[in-house]
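The values are calculated or read from the model by the stated rules, or taken from the named source; none is laboratory data. Keep in mind that what you see is a predicted model, and the values were worked out from it rather than measured. For neighbour counting, all protein chains shown are included, and Cβ atoms are generated from backbone atoms with ideal geometry for every residue, glycine included.
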Amino acid sequence: MDFFRQHILSIVAFWPLAGMFVLLFMNKENKTLIRWWANLVVLSGFLVSLPLWFWFDRASSDKMQFVERVPWIQSLGADFHVGIDGITLLLIMLTTFLGPLAMLSSWTAIENRVKEYYAFMLMLQTGMLGVFISLDFFMFYVFWEVMLVPMYFLIGVWGGPRRLYAAIKFFLYTLVGSVLLLLGILALYFIYPTIALQHADIAAQFGTMPTFNILAFHAMAPYLPYNFQWWVFLAFFVGFAIKVPMFPFHTWLPDAHVEAPTAGSVILAGVLLKMGTYGFLRFSLPILPTATVHFIPMMMTLAVIAIVYGALVAMMQPDMKKLVAYSSVSHMGFVMLGMFALNPNGLNGSIVQQINHGISTGALFLIVGIIYERRHTREISQFGGLSTVMPVYATIFLIMTMSSIGLPLLNGFIGEFTIMMGALQASIWYAVFGGSGIVLGAAYMLWLYQRTMFGKNENPANQKLLDLNLRELATLVPLIIVAFWIGLYPAPLFKILDKPVNKLVETVNPDYFKGETPRNAKVVTPAGETR
Amino acid sequence: MGQFFNVQDLGAIAPELELMLFGMILLIADLLVEDKKWLGFISLGGIAWSGYFLWRLHGIEVSAYSGLLVIDQFSWFFKLLFLLAAALTIAVSLKYLDIEKEHHGEYYALIMFATMAMMFMAGAMDLITLYISLETMAIATYVLVGFLRGNQRSNEASLKYFLLGAFSSGILLYGMSLLYGMTGSTRLTDIADALDQRSLNDPVSLIALVTISTGIFFKIAAVPFHQWTPDAYEGAPTSITAYMSVAVKAASFAMLIRVFMIALYPLRPHWVAILTAVSVLTMTVGNIAAMTQTNIKRMLAYSSISHAGYILLGIIAGNPTGLTAIPIYLFAYTFTNIGVWAVVVALRRKDIIGEQIDDLNGLIYKQPTAAVLMLIFLLSLAGMPPTAGFIGKYFLFAGLVETQHSTLAIIAVLNAAVSMYFYLRVVVAMFMKESNEKTGLSLSPGILVAMGVALIFTLWIGIYPDPFINLARQAVFLG
């Protein structure tokens, strides 16, 4: 048990990969065995990750916990270094929670090349967990890149008609971002020894050799020259903004989502997009605080554009999946809006909304996937009056629609409300535009629901549709439970987030606690002069 | 000064002597042995034996033949690379030559001679040694490119390669003669000392620099002197293409590093400018041209052009990180590329030419293992972690960032990202297209062994690169 406790993060992260290696030795004709095995691996992976939730010390949730550190590439100063704080705890739980549901949803949807499919799904799971637990930038980058490959195959092999185009677009887009990210990482890596030599406290804690230790980078943040921060922020911005995706880098997302198989979309929306926002939270904000403050207007504007533009485009979509995809752009805009409000409310809401988006958009993709599997079309005009033949389906769809548009009692409300409070504190205009996004969001979602579920069921193809079976219910019910839980009793989440968020605000926006907003705050450079 | 050479000097070139000896033996054995496959095994034995001698020279630093040759970590590293490349090439060739019905003993002998010449090139500290070994290598390669005598394309490739090669050698020699005229010595270190005395903008040294660079750019296939590459790579027997794209290229880089980092080092401000322009052009043109190819040999030829552009970045950065990158990159590139070419060699089956990317369609259904290995090699070429190619690129980019070549770094990484596009085209063919014919690849045991070795090193360098980084660091601190 002690061994387990000491190595729990590695075990959680590599659990799916180990399962994949076993899977490789299975006969590819024996599809049932492969399906059972893969589902069992991710489900047990979730169970293995549960102790994290209970063992996590909430009193010090801003400290890295469950830390493991083993030298890896010593000549570079790269370590195998993992650990989580409150923010990553939530993201990891989200990943291990969505994994089994996505896996289960592909039971009948994937009929050809089953073995490869599950192998890639398992590989993807490890890649995502690896990104969240890494405390070493080199290791982070390796996972960040590795993850692209299985996702590329999931879209490219099991996707829709334009899958090749969508897959390559996804890959190249994110790759361009990643390589620029790498340059930013290298810049930090090489400036570290200079800074460590000047500041004894950093040198004492992290040494003076070049290092990829993220905590060392956090420690040197106050001493980084503004000019340097500006450039690195830009490099990080491209890398992370493509992943989020922020306007105007979002164009890969609708293609990737629409063409990906259902489970791929769930993972893509539920977890992959969070890597971009996580990148901002973990790297851009705390390592480059001065530049972050400088870039607030740009980031907020882009976030607001994404909210409104994403919502407007979503409204016009004739395809259900594309609609949900564009709603993702809008929702991620909210996440960014809250984050760059740079106050506790905004950041808290931003992180909670990341989880919410994973839950509700993940569920919506599952819902669209279920109807697609029955009808092989996602055209909204093909449907209507489905609530008569599929009452259970319609109920769940309704709950998730409400969750997505932020109805009180459900999770979406908590996130959006806190974000709006944060945005309001930052500037009323951001809040006004953000608020219009909520209205638009309600419009397109409710309109979608009305067009597909209500009215007369006239299309003969729709009259004999079967309602949800047990397996489909099993993929959706856990999401509903969590949606209600966050909606009714979000305190556990905020309890975990409070400390790391406050720490973040203290680094980026120290004036906040003195009662000033970042908008009129003075930017003080390390040397002491006021900008 | 004592005598011109002494007996100890023979020990210093023992690995080369082994190769020459076995080359001779192969020529004689060719008359006696009916099944030419055995000649391949003999040559593998020769390479192993030469490798044994090389192993014993590890860590020894001597200057032999009164300074014409040097045994140092740098040459040791490259010699190891050449031996490995030659061994893998021979492993890949065994069955291929049977299919092409051109199985002759000279093939192996020529590889031995070319490898021997490369090993001399890596150790040369003198323009004369450098030039003679370069020509020995080149002549052996010309013949190997045209080895498919009945094949029109092979003949054309050989002739083209020969003409342009001879032309570029002439230009190179012209530059060397200028250097000799200016400095009165052919010794690289003496040249550097003499150049140091002259003004930086001395017109004669500039002409010498430009002509020598041009000659070398031809050999490493840098843009704008790359035109011969696609044709030569396409026409040559595929196994020889593999050999050229790794060993010949690595040898030319060894020469480039020696000449630029020692003899021409006083002119560094000038050649950094030249190399920067050439490197950017080479990366970009190579990658863009590769995108439009449908013939996989031509595509890989352009890909190898762009890789030469990346490697130049290491010399441009010129700091320990950047220089370390070159051996690591070449090492990673050698294994990865041999792996890729092994698959292309296996595409050549009875009655099927197998050179189009389409010929790989649906490989995953027919030979899943080969497809997955090819995928890993292609990702490594594109520089994705955790493969060897990423570690190589990491060092190159790190060198640029460390020396604050920001613009160049951005151009380089964007090129790396773009190159993914054409590697993915092959992946698409293998994994996402339906196969158009029943026959799979002709995977002979030799090819499987080569692919296995390539895979092990590609992943090993990618996941735990420490030993290789140390090896490369020792290699580049040129003394």
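Data overview
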quantity: Identity of the residue in segment A:153-162, crowded, with 23+ Cβ neighbours inside 10 Å and either free of Cβ contacts under 8 Å to residues at least 40 places away in the same chain or over 20 Å from the mean Cα position of the chain (by Cα) (or both), that ends up nearest to A:His218 (Cα to Cα); calculated: A:Phe153
quantity: Residue check, B:Val428 buried (at least 21 other Cβ atoms within 10 Å of the Cβ) and either within 13 Å of chain A (Cβ to nearest Cβ) or closer than 28 Å to A:Gln74 by Cα (or both); calculated: no
quantity: Restricting segment A:164-173 to residues that are within 9 Å of chain B (Cβ to nearest Cβ) and surrounded by 23 or more Cβ atoms within 10 Å (Cβ to Cβ), the residue that is nearest to A:Ile11 (Cα to Cα); calculated: A:Phe171
quantity: Residue match in segment B:34-54 (condition: of a type outside the set (Phe, Trp, Tyr) and surrounded by fewer than 12 Cβ atoms within 10 Å (Cβ to Cβ)); calculated: yes
quantity: Residue count for segment B:367-381, restricted to those that are surrounded by fewer than 24 Cβ atoms within 10 Å (Cβ to Cβ), in contact with a Gly (Cβ under 7 Å, 6 or more places away or on another chain) and assigned to a helix (DSSP H, G or I); calculated: 1
quantity: Flag if A:Thr96 is in contact (Cβ under 8 Å) with a residue 12 or more places away in the chain and closer than 20 Å to A:Pro286 by Cβ; calculated: no
quantity: Selection from segment A:197-230 of residues that are touching a strand residue (DSSP E or B) at 6+ places or on another chain (Cβ under 9 Å) and polar (S, T, N, Q); calculated: A:Thr211, A:Asn213
quantity: Top-ranked residue of segment A:182-217 - restricted to ones that are within 30 Å of A:Leu253 (Cβ to Cβ) and in contact (Cβ under 8 Å) with a residue 60 or more places away in the chain, ranked as farthest from the other protein chains (Cβ to nearest Cβ); calculated: A:Ile214
quantity: Residues (of a type in the set (Ser, Thr, Tyr) and either surrounded by 17 or more Cβ atoms within 10 Å (Cβ to Cβ) or touching a His at 6+ places or on another chain (Cβ under 8 Å) (or both)) located in segment B:431-479; calculated: B:Ser435, B:Ser442, B:Ser444, B:Thr458
quantity: Test: residue in segment B:386-401 that is of a type in the set (Val, Ile, Thr), surrounded by fewer than 22 Cβ atoms within 10 Å (Cβ to Cβ), touching a helix residue (DSSP H, G or I) at 6+ places or on another chain (Cβ under 9 Å) and in a helix (DSSP H, G or I); calculated: no
quantity: Residue tally, condition crowded, with 24+ Cβ neighbours inside 10 Å, among the hydroxyl-bearing types (Ser, Thr, Tyr) and outside any helix (DSSP H, G or I), over segment A:406-430; calculated: 0
quantity: The lone exception for A:Gln74 - which of (1) surrounded by fewer than 13 Cβ atoms within 10 Å (Cβ to Cβ); (2) farther than 28 Å from A:Leu186 by Cβ it fails; calculated: (2)
quantity: Hey, A:Val179 of a type outside the set (Lys, Arg), part of a helix (DSSP H, G or I) and buried (at least 22 other Cβ atoms within 10 Å of the Cβ) or not; calculated: yes
quantity: Residue in segment A:218-233 that is free of Cβ contacts under 8 Å to residues at least 12 places away in the same chain and more than 30 Å from A:Asn112 (Cα to Cα) present; calculated: yes
quantity: Subset of segment A:472-520 that is modelled with pLDDT under 85 and surrounded by 16 or more Cβ atoms within 10 Å (Cβ to Cβ) - its residue that is farthest from A:Gly349 (Cα to Cα); calculated: A:Asp511
quantity: Residues (closer than 20 Å to A:Tyr141 by Cα, in contact with a Leu (Cβ under 9 Å, 6 or more places away or on another chain) and in a helix (DSSP H, G or I)) located in segment A:191-219; calculated: A:Ile191, A:Ile214, A:Leu215, A:Phe217
quantity: Residue satisfying condition, being within 23 Å of A:Trp144 (Cα to Cα), without any contact (Cβ under 8 Å) to a residue 40 or more places away in the chain, under 26 Å from the mean Cα position of the chain (by Cα) and facing another protein chain (nearest Cβ under 9 Å), within set B:Ala382, B:Ala398, B:Ala416, B:Ala409; calculated: B:Ala409
quantity: Check on A:Gly159, touching a Phe, Trp or Tyr at 6+ places or on another chain (Cβ under 7 Å) and within 11 Å of another protein chain (Cβ to nearest Cβ); calculated: no
quantity: Lone qualifier among A:Glu472, A:Glu458 - being part of a loop (DSSP other than H, G, I, E, B) and touching a residue at least 12 places away in the same chain (Cβ under 8 Å); calculated: A:Glu458
quantity: Complete set of residues in segment A:126-141 that are within 9 Å of chain B (Cβ to nearest Cβ) and within 18 Å of the chain's Cα centre (by Cα); calculated: A:Tyr141
quantity: Criterion: of a type in the set (A, V, I, L, M, F, W, C), buried (at least 22 other Cβ atoms within 10 Å of the Cβ) and part of a loop (DSSP other than H, G, I, E, B) - qualifying residue of B:Ala222, B:Ala254, B:Ala208; calculated: B:Ala222
quantity: Answer residue from segment A:243-256, given it is buried (at least 23 other Cβ atoms within 10 Å of the Cβ) and hydrophobic (A, V, I, L, M, F, W, C) and is modelled with the lowest pLDDT among those; calculated: A:Phe247
quantity: Qualifying residue in segment B:445-454 (condition: within 12 Å of chain A (Cβ to nearest Cβ) and more than 26 Å from A:Ile155 (Cα to Cα)); calculated: no
quantity: Any chance A:Leu9 is closer than 30 Å to A:Glu259 by Cβ and either surrounded by 13 or more Cβ atoms within 10 Å (Cβ to Cβ) or not aliphatic (A, V, I, L, M) (or both); calculated: no
quantity: Members of segment A:83-106 that are under 14 Å from A:Met128 (Cβ atoms) and β-branched (Val, Ile, Thr); calculated: A:Ile84, A:Thr88, A:Ile92, A:Thr95, A:Thr96
quantity: Single match in B:Ala454, B:Ala472, B:Ala417, B:Ala429 (criterion: among the small types (Gly, Ala, Ser), over 25 Å from B:Ile328 (Cβ atoms) and in contact with a helix residue (DSSP H, G or I) (Cβ under 6 Å, 6 or more places away or on another chain)); calculated: B:Ala429
quantity: B:Thr229, sole failed condition from (1) of a type in the set (S, T, N, Q); (2) within 23 Å of B:Asn295 (Cα to Cα); (3) surrounded by fewer than 24 Cβ atoms within 10 Å (Cβ to Cβ); calculated: (3)
quantity: Test result for B:Val340, more than 16 Å from the chain's Cα centre (by Cα), of a type in the set (Val, Ile, Thr), buried (at least 21 other Cβ atoms within 10 Å of the Cβ) and within 30 Å of A:Tyr117 (Cα to Cα); calculated: no
